[in-house]
1. With touching a residue at least 12 places away in the same chain (Cβ under 8 Å) and open to solvent by less than 50 Å² (accessible area, probe 1.4 Å) as the only criterion, which of 307, 373 stands out?
2. Got a number for residues in the stretch 159-185 being of a type in the set (Val, Ile, Thr) and more than 20 Å from residue 204 (Cβ to Cβ)?
3. Every residue in the stretch 115-169 that is among the hydroxyl-bearing types (Ser, Thr, Tyr) and either touching a Phe, Trp or Tyr at 6+ places or on another chain (Cβ under 7 Å) or not in a loop (DSSP other than H, G, I, E, B) (or both), please.
4. In the stretch 1-47, what residues are among the hydroxyl-bearing types (Ser, Thr, Tyr) and either at pLDDT 95 or above or in a loop (DSSP other than H, G, I, E, B) (or both)?
5. What number of residues within the stretch 173-200 satisfy the criterion of being closer than 18 Å to residue 132 by Cβ, among the hydrophobic types (A, V, I, L, M, F, W, C) and surrounded by 21 or more Cβ atoms within 10 Å (Cβ to Cβ)?
6. Within the stretch 220-243, count every residue that is open to solvent by 50 Å² or more (accessible area, probe 1.4 Å) and out of contact with any helix residue (DSSP H, G or I) (no Cβ under 9 Å at 6 or more places or on another chain).
7. Within the stretch 48-63, does at least one residue satisfy the condition of being open to solvent by less than 10 Å² (accessible area, probe 1.4 Å), in a strand (DSSP E or B) and in contact with a His (Cβ under 8 Å, 6 or more places away or on another chain)?
8. Restricting to the stretch 64-87, give me the number of residues that are β-branched (Val, Ile, Thr) and either assigned to a strand (DSSP E or B) or under 18 Å from the mean Cα position of the chain (by Cα) (or both).
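The values are calculated or read from the model by the stated rules, or taken from the named source; none is laboratory data. The shown structure was predicted, so the numbers you read here are calculated from the model rather than taken from an experiment. Cβ coordinates were reconstructed from backbone atoms using ideal geometry, including for glycine residues, and neighbour counts include every protein chain displayed. For the accessible areas, the whole protein counts, side chains as well, though only heavy atoms, and no ligand, DNA or RNA atoms are used. Shrake-Rupley method; radii C 1.70, N 1.55, O 1.52, S 1.80 Å.
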Amino acid sequence: MSETKSSATAPLAGVKVVEFCHVAAGPFCSMLLADMGADVIKVESPDGDTMRQWPPHSDGFSENFASLNRNKRSIALDLKNPADNAIAVRLIGEADVVVENNRPGAMQRLGLSYDRFAQEMPSLIYCSLSAYGQDGPRAGEGGFDLTVQAMSGIMSVTGNEGGEPVKCGIPISDFATGLYAAFSIASLLTRVRQGCNGGYIDVSMLGASLAIAALQTSEYFASGRDPRALGAAHPRNAPYEAFTASDGNFVLAAGNDRLWRSVCEVVGRPDLFEDERFVTTIDRARNQKELARILNGEFARRTVAELLEDLRRAGVPCSSINSYSQALSDIQVEHMGWVREMALPNGVHTRTFASPVRIDGQSPPIYKAPPALDEHGESIRRSLLTPAI
C-alpha cells in the first residue's frame, strides 16, 4: 500500500506523531490519528509490541496487532541503550505529538518525558495514557482492561442481576481511553494551529471508564443507590431489553409513549397501553418484569423475522442479536464499506474493519499496512541524518 491523494489531504496530513505504546489503548489512539492522515512512527522494543504475540496469527503475523496498527511505520529501539535513546530523542525533536502508555515515571527515567522537551518545543503535544493517571495514590499501579472495568464499576452493572461477575465483552476501558486521548490531541492540535502552545495530556483508563458511565454515576448521585446489573434491561425505560420469540431472541427499545403504543399495536394488545401498570415510562420501568412476562407470551406466537419486520414497519427500534459474522455481513455495513481488504507484511491478504468516520462523504483510507517489527527502521534512521531544509 502507498500514500494516496486522500491521505495526503487528510485533516491531520503533515502532523508527525511518535508513539511509545503497546497493547491496546495507546496504539488505538495513534491509529485514529493515522487514519486521519498523521504520520505515525511506532517505536517498539527489539522484541516488539507484546500484542504481536496475540493470536490469531496468519502465517506468523498477529491479526490482533494488525487491527490496531494500520497506517503506521515501525522502528525497533532499545531505549535503555544510549545510541537508540538518542534516536528516540531525535524523533521527538521532530514530532508534533508524542503518545505513550507506559507506567507513570518510565519515560522520565528514560529521559524522554514531556519536561525534557517542553521548554524548547512549546508547540509539542505530549499525551500519556495510563491505568490511573500520572499522580495520586494509585498512579504507580498497573492496570489492564479487566482490572479497570472492575475498579470503575463497569462490571457491577454488566451481566444478569444476581449472576456471577462478568466484564463487558469488548475491552471498553482500553478503547474509551484511546478515544478520549485522540480527541484531546486533536483539540490541542487546533490550538497549535492557531499559534498557541501545545501541552501535556494525562488520560487515565479509570477516568475514561467513569466518564462514559455518566448515566450510572448520575443515578447514584441523584438517588444514593448503586446501579445494578439488569442483563439487557434498562433501569429507566421499558420495554427496552431482550425478548424471546418462537425461534430465538431479539431486542426492542420502546423508550417513549409513542413507541410503546406502537408495540401494543404490533402485538395486538391495545389494552396494555391503557393498563395502569404501564401508563408512563416510570410505570413501565417499575413493572418491567411483569411487562416482559406479558410481552414474551405474545412474542412466543411469532418468529423473530416476523416480529422485526412488523416492528420496523411501525418505527420501533429493534434488532436480532447478531454474532460478529452476522454483524459484519449486515447490509448497512456493506453499504458503508467499513470492511476492507488489507495486506499484512508477510503477504497474507486479510480483512479489517476500517475507520467508521466519513468526512465529506469519504472514509479515511488504509494507506499503509500494519508494519512488521522495525520495517521502517532503516529509512527512519536515514531521515534523521538528513538535514532539514
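1. From the options 307, 373, the qualifying one is 307.
2. 1
3. Residues satisfying the conditions are 126, 128, 130, 147, 152, 156.
4. Step one: filter the stretch 1-47 for residues among the hydroxyl-bearing types (Ser, Thr, Tyr), giving 2, 4, 6-7, 9, 30, 45.
Answer for the stretch 1-47, where residues must be among the hydroxyl-bearing types (Ser, Thr, Tyr) and either at pLDDT 95 or above or in a loop (DSSP other than H, G, I, E, B) (or both): 2, 4, 9, 30, 45.
5. Within the stretch 173-200, residues that are closer than 18 Å to residue 132 by Cβ, among the hydrophobic types (A, V, I, L, M, F, W, C) and surrounded by 21 or more Cβ atoms within 10 Å (Cβ to Cβ) number 2.
6. 5
7. no
8. Going residue by residue through the stretch 64-87, those that are β-branched (Val, Ile, Thr) are 75, 87.
Within this subset, residues satisfying the condition of being either assigned to a strand (DSSP E or B) or under 18 Å from the mean Cα position of the chain (by Cα) (or both) are 75.
Residues flagged as β-branched (Val, Ile, Thr) and either assigned to a strand (DSSP E or B) or under 18 Å from the mean Cα position of the chain (by Cα) (or both) within the stretch 64-87 amount to 1.
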